[in-house]
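To keep things clear, I will list the structure first and then write my remarks on it.
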Amino acid sequence: MADRRDRTASESQKALCFADLALAISFIAILSTLTLISKLHDAREFRRLQHVTRRHPEVRSVWHVTLSGAVAKPGCYPVTDGAPLSVALKKARLMRSANLRSIDPSLPVTENLDLSIEELSTLSVTLEGAVCSAGPIEMPVGSRLSHLKTKIEGTAETDWAFFKSRRLLRDGEVVSVPFQTGACKD
C-alpha cells in the first residue's frame, strides 16, 4: 500500500514538473513570437519610410533634439524638419522652474540640437492695474499669486480678494490687479 502511494506521489510530481516545463516553454515561445513580430514591423516601417522618401522627395527629414536639465523626461526626441522647437519641449515635459528666457520655442528645427535647459532662481512677474508701482517684480520660484499681496503696495481701489488665489505664478507673466467693484479707474 505504501509502495503504491509513493508511486502515485512520484507520478504526480513528474506530471507537475512536466506541466511547469510546458508552461515555461509556452511562455518562451510567446515572447519569441512577439519579439519577431516587433522586428518585422520595424523592418516594414523602415522600408516603407525609405520607399516614401524616394518616391516623394518633399517628405521632410527628421532632426534629433536632445534635451537635458530642467525637464521631467530628458532624452533625444525626433522632430521633423521645420517643426517648432516646442514639439520636443512638450515631449520632454518642461519643469515649472525651466528657464526659457534665452530659448524661443517657436523657432523651427533645421538641424540636430543639444540643449541643456537651466532652472530659474527667480520668477519675473509684471504687475499692472490697481497697484501704486506697476512694473516688474522678482519672486522666488514656486511663488503663488497669494504671495504677491505682501510684496506690493495697493491703491485705495485695489481688490484684495484677488490675492486669495493660490495658483502658481509663471515666469514672464503679466498680473493685472483688478479694481474693487464700483471703484473708478483714473
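All of the numbers you see were taken from the coordinates with simple rules; none came from a lab. Model, not experiment: these values are computed from the prediction.
Values as computed for the structure displayed
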{"read-out": "Per residue, the convex hull volume that the Cα atoms of region 73-186 enclose (Å³)", "value": "129"}
{"read-out": "Relative contact order of region 15-165, defined on C-alpha pairs under 8 angstrom at six or more residues apart (%)", "value": "16"}
{"read-out": "Cross-link partners of Lys91 among lysines (Cα-Cα below 21 Å; sequence separation of 8 or more within a chain)", "value": "Lys73"}
{"read-out": "Length released on extending from Leu115 to Leu31, taking residue separation times 0.36 nm less the Cα-Cα span", "value": "26.5 nm"}
{"read-out": "Under 5 Å, built H, 5+ apart or other chain: amide partners of Trp63", "value": "Val79, Thr80, Asp81"}
{"read-out": "Gyration tensor verdict on region 62-117 (Cα atoms; rounded if a/c is under 1.5, prolate if a/b is larger than b/c, oblate otherwise)", "value": "prolate"}
{"read-out": "Stokes-Einstein D (µm²/s) once Rh is taken as the Kirkwood radius of region 122-177 over alpha-carbon pairs, at 4 °C in 1.567 mPa s", "value": "116"}
